[in-house]
Every structure is written in C-alpha cells, then in structure tokens.
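Comments concern the structure below.
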Amino acid sequence: SPTVAQSLNINAARLRFFEGGYNPPPPDPSVYSSRFEKSKIRYVYWELRLEFSPSGKYRNFVIEELWYKPDGSLMLKQKTPSITVKPDWTWIEYIHGANPGSWSDGTYRLDLYTGGKKIASGSFDVVSTPSVEDHFSKGKEYLKQSKYNDAVSEFTMAIKQNPKEAGAYFNRGEAYLALGKYDEAVSDYTKTLELFPENDYVLVPRAKAYQRSKKYDKAISDTTEYLKAWPDDSESYYIRGLAYSSKGDKQKAIDDYTNSIKYDPKNIESYKRRAEIYRNMESYDSAIPDYTKIIELSPKDHSHYYQRGFAYLKTGQYDNAISDFTKALELEPEDDYALYGRAMAYMQKGEYGLAIADYTKSLELEPDDEEIYLDRAEAYIKSGQYGKAVADATAYIKVMPMKADAYNTRGL
C-alpha cells in the first residue's frame with residue numbers, strides 16, 4: 001500500500017469545486033463554483049492545489065475524503081489513489097469527485113486528510129432552480145404585497161428562462177408603472193403586445209404610462225384605439241381625459257370624464273377631475289353637483305367638504321358654505337383651509353365676531369400666513385375694533401411693506 005507522507009511541509013492549500021459528468025472536464029477557471037443547480041448536478045469534483053517545500057526525494061501519499069450532508073451526517077468516505085510527489089516539485093494539483101446518487105438542497109462540506117491531518121476543507125450549496133411558473137407566481141404575490149422591486153426581480157427571472165412569456169412582461173410592466181419607471185413600463189407593455197397582439201387591453205396601462213411620462217399624444221392614441229373596440233370602458237375615458245386636460249383641451253377632457261362617469265357612476269376620480277376643471281373655469285354651479293357626488297362616494301374625506309364649501313361661497317350660498325366648512329372641521333379640526341373659508345362666509349353674512357374667531361384660529365395653525373392678518377383687520381374694522389385692525393395691518397406691513405392694500409386698511 002502507498003506510504004502516507006508525514007513530512008509534506010505544506011505551505012498553502014487551495015480547494016475548489018466544479019461539476020461534471022463521469023469523466024471530469026479539463027480544469028477551467030470558468031467552471032469553479034460553490035453553488036450548483038440541483039436539476040443539473042451530476043458529479044461534484046474537487047480540485048486541490050498544494051504548495052510545499054522540495055524534499056529532494058520521492059514522496060507518496062493518499063488523501064482521505066469525508067463528505068458531509070446538509071444535516072451534518074457523513075455522506076461518503078473514500079480515498080484517492082496514491083499520489084506521487086517528485087523530489088524537486090514545489091506544488092501539485094489533484095482532482096477527484098463524488099456522486100452519491102442523488103443530491104438534496106442544502107450546504108455540503110468536504111474535509112480532506114492525509115496522515116491523519118486535515119489539509120483542506122470547503123463547502124458548496126446545492127439549490128433547486130425555480131421554474132418559470134414559480135417565478136411568475138412569486139412575482140404576482142409580490143405585486144399584491146406592493147413589493148414592486150421584488151416583483152420586478154421575479155418577473156425578470158421568468159423572462160430569462162422563457163423570453164416569450166408574455167404574462168411576465170405585462171406584470172413586470174405593472175410593477176414598473178407602480179415604481180414610476182414609465183419608460184420601462186412602456187417597453188414591457190409593448191413587448192407584451194408583440195407577443196400577444198390580440199390582448200388589446202394592454203393599450204390601457206400603456207396609455208397610463210404614457211400619460212404619466214407626459215407623452216400625452218401617445219396616451220390619447222392608445223386609449224382612442226382601445227375605445228374603438230371597447231367604447232364603454234370607463235378607465236380609458238378617464239386616462240384620455242387626463243391627457244386632454246394636461247394638453248389644455250378642457251372641453252375634450254370634460255367630455256371624457258363625463259363618459260367615464262356614464263360607464264362607471266362610482267368613478268370618483270372622474271368626478272374629482274371634472275370638478276377641478278369646472279372650478280378652474282369658475283363654473284362653480286357645475287362643480288357643486290360633482291362635489292356632492294364625491295361626498296356621497298367618500299363621506300369621510302374632509303377635503304371634499306371644504307372644496308364644495310368654496311364653490312358655495314363663490315356662488316353666494318353662504319349658509320351652505322358654512323355648513324360644509326363646519327363639517328370639514330368636524331372631520332379635521334385643524335383644517336386651516338376650512339377655517340379660512342368659513343371666516344370668509346361669515347364676513348359675507350356680516351357675522352364679524354365669528355369671522356374674527358375663525359381667522360384667529362387659522363392664524364394659530366398658520367402663523368406665517370400674513371394674508372390672514374389683513375383679512376382679520378377688515379373684520380375688526382367692520383366690527384368697530386379699530387385698534388386691533390391697526391395692529392393686524394401693521395403686522396402685515398412688516399412682512400409685505402410694498403402692498404398698498406395694507407396701508408389703506410390701516411388708514412381706514
């Protein structure tokens with residue numbers, strides 16, 4: 001039997017792993033790894049490089065291999081054939097391998113001994129490769145959880161395994177859209193349409209991505225194309241309405257929001273957008289019914305009440321305005337917009353004491369809003385409290401010394 005070398009005088013040892021068939025491939029730096037896919041693994045080979053001092057004589061030794069399973073138990077114990085070291089050698093590389101018949105997921109360890117002394121130890125992982133379906137399913141789950149970056153990663157891996165997986169492109173587009181990566185979303189939606197042209201619904205989210213990236217004409221083109229086939233799609237009208245509104249075409253936007261509401265009477269966003277246009281056009285009588293519907297659909301949102309309150313204020317319906325501003329303050333006591341609006345309504349009704357109280361509370365919430373000083377000064381004048389009016393006008397002038405209105409108010 002071979003003589004075990006007791007005096008190798010090893011200076012360095014390097015252990016690396018690679019995978020192969022029954023006959024190991026020639027050593028190649030590109031094949032070394034510490035991670036192998038379970039579905040592809042056959043033999044795992046180890047390559048050991050030993051560096052030592054020359055002894056001037058031949059030395060023979062064997063290496064004992066101890067392979068351990070992921071649970072720590074011994075999987076295999078074997079020895080190499082005899083290894084010969086010539087007198088003038090300073091290093092040697094040796095390759096050997098094992099195949100237990102089947103591999104489980106987990107981390108395997110290999111310890112190498114000679115003459116009862118451990119000379120090297122290393123480990124590698126065996127992992128199962130998820131299928132396209134696994135990545136797709138996981139990506140969908142991440143989408144539901146709003147973990148959009150994780151969803152992108154999973155759909156990307158599905159696409160790498162199957163570049164023609166249209167669903168993965170579409171869903172990755174959805175994740176990109178949620179992340180605000182609109183160009184990437186457009187690219188994925190476009191690829192989906194190339195692979196699955198009959199799925200024209202993809203035009204709708206692509207239009208949404210175009211609209212958000214300010215490519216309004218393309219958004220209009222996509223929604224218009226989709227509406228030819230599906231003329232009752234509320235979402236498409238809404239998206240096209242946004243694009244028209246952004247382009248400044250208010251009437252076309254109103255028409256699209258109206259159609260969106262026609263086909264989905266609970267589409268609150270279309271009511272909001274149409275009301276916003278009416279308000280900007282100072283068509284407050286038209287805005288009020290929209291705000292009323294918005295409140296019906298979302299009665300707990302304080303902002304809807306003060307928006308309708310301002311519309312009532314602009315149309316001279318002061319009691320209705322006060323009622324809405326009061327409701328907004330019940331839902332959000334520190335809503336300074338509602339306080340300010342109610343103060344303006346009280347002023348119009350000649351209830352100056354109530355107006356002063358609201359202006360004062362509004363200033364407590366927004367002490368840097370100098371305009372409120374001027375408005376409260378006017379209320380003080382109307383109620384005959386001239387000293388307080390002078391103080392408020394003076395406070396305003398300190399901040400805005402070039403505003404003539406403040407001097408006029410203080411003069412009064």
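Tabulated data for the structure shown
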| item | result |
| --- | --- |
| With all protein chains modelled, accessible area of H302 [1.4 Å, Å²] | 50 Å² |
| Normalised alpha carbon radius of gyration of the chain [divisor 2.2 N^0.38 Å] | 1.78 |
| Accessible-area order (highest first, 1.4 angstrom probe) of the listed residues W46, W230 | W230, W46 |
| Whichever aspartates and glutamates have a C-alpha closer than 16 Å to that of K57, once near sequence neighbours (fewer than 8 apart) are set aside | D88 |
| Average accessible area per residue (Å²) across the stretch 310-390 - probe 1.4 Å, nucleic acids and ligands excluded | 49 Å² |
| Förster radius 41 Å - calculated FRET efficiency between D232 and N280 (Cβ-Cβ, nearest 0.05) | 0.90 |
| Mean-position separation - Cα centroids, the stretch 348-378 and the stretch 185-247, in angstrom | 47 Å |
| Projected label distance in nm at N99 and S39, using a 7 Å step from Cα toward the beta-carbon | 2.0 nm |
| Dimensionless Rg ratio for the stretch 1-134, taking C-alpha atoms and the 2.2 N^0.38 Å reference | 1.15 |
| I268 accessible area, assembled protein chains, probe 1.4 Å, Å² | 40 Å² |
| Protein accessible area in the chain, 1.4 Å probe - carbon and sulfur % | 47 percent |
| Accessible area per residue in Å² at 1.4 Å probe, computed on the stretch 69-136 | 54 Å² |
| Cross-link pairs beyond the 20 Å C-alpha cut-off, checked among K38/K160; K160/K214; K327/K361; K228/K262; K69/K118; K140/K160 | K160/K214 |
| Of K40/K79; K252/K349; K314/K388; K138/K208; K218/K300; K218/K272, those spanning more than 30 Å from alpha-carbon to alpha-carbon | K252/K349; K218/K300 |
| Pairs of alpha carbons in the stretch 259-405 whose separation is greater than 26 Å (percent) | 33 percent |
| Residue-normalised accessible area of the stretch 150-293, expressed per residue, 1.4 Å probe, Å² | 49 Å² |
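The values are calculated or read from the model by the stated rules, or taken from the named source; none is laboratory data. All of these numbers come straight from a predicted model, not from anything done at the bench. Glycine also receives a Cβ, built like all others from the backbone with ideal geometry; neighbour counts cover every protein chain displayed. Side chains included, ligands, DNA and RNA excluded: accessible areas come from the protein's heavy atoms. Shrake-Rupley method; radii C 1.70, N 1.55, O 1.52, S 1.80 Å.
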